[in-house]
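Just so it is clear, none of the values below were taken in a lab; they were calculated from the coordinates. Please read all numbers here as calculations on a predicted model, not as lab measurements. Every residue, glycine among them, receives a Cβ derived from its backbone with ideal geometry; neighbour counts consider all protein chains shown.
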Amino acid sequence: MSTTKTKRLPRSFYDRPTVDVAHDLLGKSIVFRSEEGILSARIVEVEAYVGQDDPACHAARGRTMRNQIMFGKPGFSYIYFIYGMYYCLNFVTEREGFGAAVLIRAAEPKQGLEIMRRNSPGEQRKGKILSGPGKLCRSFGLTRDHNGLDLTGRNLFVESRGEAEPKIKSAARIGIKTGTNRLWRFYDADSSAVSKR
DNA sequence: GTAGTGATTTTCT
DNA sequence: GAAAATCACTACA
């Protein structure tokens with residue numbers, strides 16, 4: 001019998017302060033049942049986007065068509081389209097009515113690497129194929145079609161295997177012009193898959 | 001190795 | 001009409 005316990009994170013994991021959720025997601029595994037097969041990866045870089053008082057958060061100016069999922073219940077996926085060609089994956093956090101989420105920026109492939117390579121023909125290096133939010137979605141095959149999935153369901157979720165906590169560092173968030181004073185980017189200092197050093 | 005910039009289209013003002 | 005939670009390519013060191 002196996003001694004490795006795998007556990008899908010429950011909704012209560014996401015129903016907490018966003019910065020805590022972001023921090024605790026590092027080292028956990030994203031699992032996605034795509035039509036081509038199972039994909040999984042170890043999360044090594046995330047960013048927190050926290051409600052109306054965070055000017056960099058999509059929810060800062062209230063509800064819109066795009067961000068309404070962020071105001072819904074925690075434990076759902078928020079996937080948006082950016083720069084005309086990329087998607088970014090987030091997990092919605094905190095109570096219903098509060099617009100917050102964690103952006104998944106980078107991960108290390110664990111399962112389904114061949115599918116990821118097919119989805120990202122320009123980037124075949126295992127250590128870099130998920131190193132960036134746009135690349136992660138492209139390699140996983142995530143699009144607007146996967147916006148609003150329930151992370152307590154079967155198709156997309158995060159699991160914990162009782163892994164040791166990684167060495168976590170924090171820094172300013174990337175690619176934004178406001179709110180850079182908040183150090184809400186967290187990453188595994190020992191991983192080479194982090195998007196920027 | 002780093003620095004600068006063009007691609008491409010949805011979303012919001 | 002402008003900006004955008006990015007990436008890949010080019011030039012140069």
Inset, instruction - Sort through A:GLY148, A:GLY75, A:GLY127, A:GLY97 and tell me the only one that's more than 13 Å from DNA strand C (Cβ to nearest atom) and over 17 Å from A:PRO17 (Cα atoms). - result: A:GLY148
Inset, instruction - Exactly one condition in (1) under 22 Å from A:ILE129 (Cα atoms); (2) touching a residue at least 24 places away in the same chain (Cβ under 8 Å) is not met by A:ARG63; state its number. - result: (1)
Inset, instruction - Could you tell me whether region A:52-66 includes any residue that is closer than 19 Å to A:ARG16 by Cβ, of a type in the set (D, E, K, R) and surrounded by 20 or more Cβ atoms within 10 Å (Cβ to Cβ)? - result: yes
Legend entry - Whichever residue in region A:107-146 is among the small types (Gly, Ala, Ser) and surrounded by 16 or more Cβ atoms within 10 Å (Cβ to Cβ) and, among such residues, is farthest from DNA strand B (Cβ to nearest atom): A:GLY112
Legend entry - Test result for A:VAL46, in a helix (DSSP H, G or I) and under 15 Å from the mean Cα position of the chain (by Cα): no
Legend entry - Tabulated pairs, region A:159-178, first without any contact (Cβ under 8 Å) to a residue 40 or more places away in the chain, second away from DNA strand C (no atom under 16 Å from the Cβ), C-beta under 6 angstrom, 6+ apart or interchain: A:LYS167/A:ALA189; A:LYS167/A:ASP190; A:LYS169/A:ALA189
Legend entry - Candidate set from region A:59-93 (those that are in a loop (DSSP other than H, G, I, E, B) and under 15 Å from the mean Cα position of the chain (by Cα)); member that is farthest from DNA strand B (Cβ to nearest atom): A:GLY75
Inset, instruction - Search region A:139-157 for residues that are of a type in the set (Gly, Ala, Ser) and pair each with any residue that is not in a helix (DSSP H, G or I) when their beta-carbon atoms are under 6 Å apart and the residues are at least 6 apart or on different chains. - result: A:SER139/A:SER120; A:SER139/A:ILE129; A:SER139/A:LEU130; A:GLY141/A:SER34; A:GLY148/A:PHE76
